Amino acid sequence: LNNTGGNTFSGIFNSANGEVVPGDSIFYLIKASDNSSNHNIGRLPESGYFRFNITDQTSASFCKQTYVPIRDNQTSYDTLYIAQFGTIVDLSFKMETLIHTYDGDITFSITSPTGTEVVLSNRRGSGGDNFINTIFDDSASAPISSGTAPFTGSFRPEGPLNVFNGMNIHGNWLFKVN
């Protein structure tokens, strides 16, 4: 580790050759000696080691452009397979276009590869039509319940997306509309 000023230290680890990969832990201690004639030595922590975890917080987007018909009184499904591995830190969901008359008829959700389901919208919009460029994000200022069709912009979903935080993104994600 290199002191980059004050109490800030940085280190560079080569993840390209597998030396360090996300999920690994780095254990370290700080040992310092002063410039006095005694060369006093200090150690932090006094016993054991400090530890930090290597994470990969790359932003990734996954897109599937599919026409899936939405029929009254039936459930429609679409699956997106994500081949990459990585831990979810903050998930948002963007729906570019969902065409449906009378949005108050439909409920839709996403389900993770582990089976955790989050309802994004539950019969919102009354007699209005469509969801156009709708982003579901826990940090949005407006809940989906306060939106109006065609639901353009960012909204907090019915259920929190942060339940996916800490999960692996790899696998089949299910989008369900009924």
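The values are calculated or read from the model by the stated rules, or taken from the named source; none is laboratory data. Predicted, not measured: the structure shown is a model, and the values here were computed from it. When we count neighbours, we look across all protein chains shown, and the Cβ atoms used for this are built from the backbone with ideal geometry, even at glycine. For the accessible areas, the whole protein counts, side chains as well, though only heavy atoms, and no ligand, DNA or RNA atoms are used. Shrake-Rupley method; radii C 1.70, N 1.55, O 1.52, S 1.80 Å.
Among 175, 155, 85, the sequence by solvent-accessible area, most first, with a 1.4 Å probe is 85, 175, 155.
Summing charges over all other residues whose Cβ lies under 9 Å from the Cβ of residue 157, with Lys and Arg as +1 and Asp and Glu as -1, gives -2. Accessible surface comparison of 110, 132, probe 1.4 Å, protein chains only, largest first: the order is 132, 110. Taking all protein chains together and a 1.4 Å probe, the residues 37, 25 rank 37, 25 from largest to smallest accessible area. Close amide H partners of residue 173, meaning residues 5 or more places away or on another chain with modelled amide H under 5 Å apart, are 80, 81, 82.
Backbone geometry of region 133-149 corresponds, through the Karplus equation with coefficients 6.51, -1.76 and 1.60 at θ = phi - 60°, to 3J(HN,Hα) couplings of 6, 9, 10, 9, 8, 4, 8, 5, 6, 9, x, 4, 5, 9, x, 10, 4 Hz, x marking Gly and Pro.
In the assembled protein chains, residue 138 presents an accessible area of approximately 50 Å² (probe radius 1.4 Å). Evaluate region 65-173: find the radius of gyration of its Cα atoms, find its Kirkwood radius, and give the ratio Rg to Rh. My calculation puts Rg/Rh at 0.96. In this view, the solvent-accessible surface of residue 94, computed with a 1.4 Å probe and all protein chains in place, comes to about 110 Å².
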